[in-house]
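Working notes, beginning with the structure itself.
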Amino acid sequence: MSEHGSGDDGRLPYTAKVPYGGDYNPEQWPRDVWDDDHRLFTRAGVDTLTVGVFSWSVTQPAEDVHDFTVLDGILDRAAAEGRQVCLATPTAAVPPWLAKKYPEVNRTDFEGRRHRYGQRHNFCPSSPAYRRLSTALAARLAERYARHPALLAWHVNNEYGGSCYCDLCAEAFRDWLRARHGALDALNDAWCTTFWSHRFTDWDEIEPPSALTEHWRGPDHTAFQGVTLDYQRFMTDALLGCFTAEKDAIRVHDPDTPVTTNLMGVYRPVDYHRWAPHLDFASWDNYPPLDAPPTRPALAHDLMRGLKGGAPFWLMEQTPSTTACRDVNPLRRPGELRLATWQAVAHGADAALFFQLRASRGACEKYHGAVIGHAGRDDTRVFAEVAALGAELERLGALSLGARTPARTALLFDWDSWWALEISDGPSRLIRYPDVVHAYYRAAREAGADVDVVPVTADLTSYDVVLAPVLHLVEGDLATRLEAVARRGGTVLATFLTARCDAHDRAFLADVPGPLAPLMGIRVDEWDARPEDVVQPVRLGELTARARFVFEIVRLRGATPVAVYGADFYAGSPAVTRNRFGGGEGWYVATSLDQPGVDHVVRRVLARHALTGPYADHRDVETATRVTPDGAHLLFLLHHGAKPTAVAVHAAARDLLTGRRLDRGDTLVLAPLGVAVLVLQ
């Protein structure tokens, strides 16, 4: 099994329908409020509660004192009401007594400051005291509740992230480096330490890369990218070690109940592909900016689905109305919650949960959206939408559970390349990895292609098209496997700043694009980086696209030009190329095209394999396909537009939400923010 991903199917909890509910914190309220909550949960169709997420100080008020009275009451009441529980270990926020007794638990930040007690996610992952006490608490919880009738799944910690730079982490980093590199000579070679007289002669000379050592102007500006890249890998593994320690403690008492933790989608600090093999199923929290295009959360959904080899995931959190953590927190408009939830189901979610079920009275999340507000009413717009959505999911039943996405297009997503690209000095700090990846993903999705977002270690044999935008690092046998895709007739698309460096962020001693040069049939000797306001025209047949940021100057070595630059001294030289390789093709995009330019290129690639969808001309209509375990094909039509739109149905189907039967060619009218779930006949 690869450290960068999992090929297994995942192990999801058994349910009779899509679990529906969310984060519930009854420890904040007197028992009479619990009565109101459960009455309202029944009205809203809520059947699943995530509990205990931040209850450490309640459950363990002192090191030698444990009090399960409140948690017993929460789980027993859930069971009595016929609800199921996703039980969290409350280890994301340490209690005050722990931080006071063991100051080593408090993190040291990038500037070298040891923090005092406060906030959450406030633990050092290398702290022995934290590891000992968090795993002991996880074990006690598992011993007590493993056979509780309400228990559905375990939810370890919450939204792992951040970094620590303390002496404990420095020593743990050195141990991690010994295991990774073996010998100091190998490490010095990997980090190119002969530069600036950095050659290490003892492991104890190595310090975490921070504002006090190799960095200036913040975490993205470092003198030695190899050091920082390794520290980001180390911190991913350090946090993962906290998760696996708790999971192992749970497994001593509960060998069967699935264990997860809530991830955060396209989230830079933690490489989720390294976590994937250790999750029984993936779950994540969806809080996109509300003005983001719908393909932003879609990309994150598909990334989460790709963690476990395409297995369904859980939508662990989303707001029913508004967030509270941003400077400005817009309200979801009528219909947006329903559309966002069905989008998650369409992309592989087998659960739809909210944060939060009842609004907190105080502290920083008191204005965060909730199913039940401070007044406890059931006649609000938000409650009515949640209840209506619950009824629709009841109608869906178990039909979508375990359904897979039959994608023939893969997009490679690589945290190592993300980190390396954005800490690189040159050619441009204006390039943001998620933005470029999203542009190519968006083009494919809006063309109607289902897309698997997969790690670079994934098996690519089932894909006709592989998109590899800004894949800055190329490691292991990836180049060979991409050549195999083209050799058997597929298409591989790469872009500027791809295949520049190896796993240690050392430049390849070869023509750019390094090991992908034979597949792409080009050579790049020079590249021009310009400010954001400098726009170069790129002629793509009848379309003139706009390009920014980086302009690689391409020499053809077997490839043919598809588009050329229209300005500067490289006017007329190739900006997009195509190379025949075996029975397939390698495409290279040498600059940062605008979205129309990316759309044009990607649609040409998809058309070669007949992967453009039947509704590709309806730009506001998102489509997604899932195939159920018994072979039924579900086609989701998600209308993101503000006006009604009509589509001609491409195949006989039954609309699951309305019961209407449709023949091929029938007109289906989608309301603004409308949804149709078609069971294809």
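Candidates are the residues of the range 483-523 that are buried (at least 24 other Cβ atoms within 10 Å of the Cβ) and of a type outside the set (A, V, I, L, M); the one that is farthest from Tyr440 (Cα to Cα) is Asp505.
Give the residues of the range 430-450 that are within 16 Å of Val466 (Cα to Cα) and either not small (Gly, Ala, Ser) or not assigned by TED's automatic domain parsing to the domain that holds Val465 (or both), sorted by residue number. Don't jump to the end; show me each part of the working.
Taking the range 430-450 as the starting set, the residues that turn out to be within 16 Å of Val466 (Cα to Cα) are 436-445, 447-450.
Once the filter is applied, which keeps residues that are within 16 Å of Val466 (Cα to Cα) and either not small (Gly, Ala, Ser) or not assigned by TED's automatic domain parsing to the domain that holds Val465 (or both), the range 430-450 yields Val436, Val437, His438, Tyr440, Tyr441, Arg442, Arg445, Asp450.
Restricting attention to the range 425-472 and to residues that are basic (Lys, Arg) and assigned to a loop (DSSP other than H, G, I, E, B), the residue that is farthest from the chain's Cα centre (by Cα) turns out to be Arg429.
Filtering Ala298, Ala249 for residues that are hydrophobic (A, V, I, L, M, F, W, C), under 26 Å from Thr341 (Cα atoms) and surrounded by 22 or more Cβ atoms within 10 Å (Cβ to Cβ) leaves a single hit, Ala298. For the range 152-171, the criterion of being farther than 30 Å from Glu111 by Cβ, aromatic (Phe, Trp, Tyr) and assigned to a helix (DSSP H, G or I) is met by no residue.
Between Leu638, Leu656, the distinction of being within 26 Å of Leu393 (Cα to Cα), outside the structural domain of Val512 (by TED's automatic domain parsing) and crowded, with 23+ Cβ neighbours inside 10 Å belongs to Leu638 only. All told, Ala129 falls short of being touching a His at 6+ places or on another chain (Cβ under 8 Å), of a type in the set (A, V, I, L, M, F, W, C), over 14 Å from Met235 (Cβ atoms) and not assigned by TED's automatic domain parsing to the domain that holds Asp72. The range 323-424 holds helices (runs of 4 or more DSSP H) entirely within its bounds, and those carrying 1 or more residues that are of a type in the set (A, V, I, L, M, F, W, C), more than 24 Å from Arg296 (Cα to Cα) and without any contact (Cβ under 8 Å) to a residue 60 or more places away in the chain map to 381-396. Within the range 504-523, restricting attention to residues that are hydrophobic (A, V, I, L, M, F, W, C) and more than 32 Å from the chain's Cα centre (by Cα), the residue that is nearest to Phe234 (Cα to Cα) is Leu509.
I'm checking my understanding of the structure. Among residues of the range 653-674 that are of a type in the set (Val, Ile, Thr) and in contact with a strand residue (DSSP E or B) (Cβ under 6 Å, 6 or more places away or on another chain), which one is nearest to His640 (Cα to Cα)? Within the range 653-674, the match that is nearest to His640 (Cα to Cα) is Val669.
What do you reckon, is Asp435 modelled with pLDDT of 95 or more, more than 25 Å from Arg546 (Cβ to Cβ) and out of contact with any Phe, Trp or Tyr (no Cβ under 8 Å at 6 or more places or on another chain)? In short, no.
Name the single residue, out of those in the range 1-41 being surrounded by fewer than 20 Cβ atoms within 10 Å (Cβ to Cβ) and modelled with pLDDT under 85, that is farthest from the chain's Cα centre (by Cα). Checking each candidate, the answer is Tyr14. Remark: Ala186 falls outside the filter, which requires a residue to be over 21 Å from Tyr267 (Cβ atoms), touching a strand residue (DSSP E or B) at 6+ places or on another chain (Cβ under 6 Å) and without any contact (Cβ under 8 Å) to a residue 60 or more places away in the chain. The residue list Val94, Val105 contains one member that is closer than 24 Å to Ile74 by Cβ, surrounded by 16 or more Cβ atoms within 10 Å (Cβ to Cβ), free of Cβ contacts under 8 Å to residues at least 40 places away in the same chain and not acidic (Asp, Glu), which is Val94.
Yes/no per residue for (1) over 24 Å from Asp450 (Cβ atoms); (2) touching a Pro at 6+ places or on another chain (Cβ under 7 Å); (3) assigned to a helix (DSSP H, G or I):
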{"residue": "Asp533", "(1), (2), (3)": "yes, no, no"}
{"residue": "Ala547", "(1), (2), (3)": "yes, no, no"}
{"residue": "Val554", "(1), (2), (3)": "yes, yes, no"}
{"residue": "Gly558", "(1), (2), (3)": "yes, no, no"}
{"residue": "Trp587", "(1), (2), (3)": "no, no, no"}
{"residue": "Arg603", "(1), (2), (3)": "no, no, yes"}
{"residue": "Leu606", "(1), (2), (3)": "no, no, yes"}
{"residue": "Ala616", "(1), (2), (3)": "no, no, no"}
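The values are calculated or read from the model by the stated rules, or taken from the named source; none is laboratory data. Everything quoted here is computed from the prediction, not taken from an experiment. Ideal geometry is used to build each Cβ from the backbone, glycine not excepted, and the neighbour counts take in all protein chains shown.
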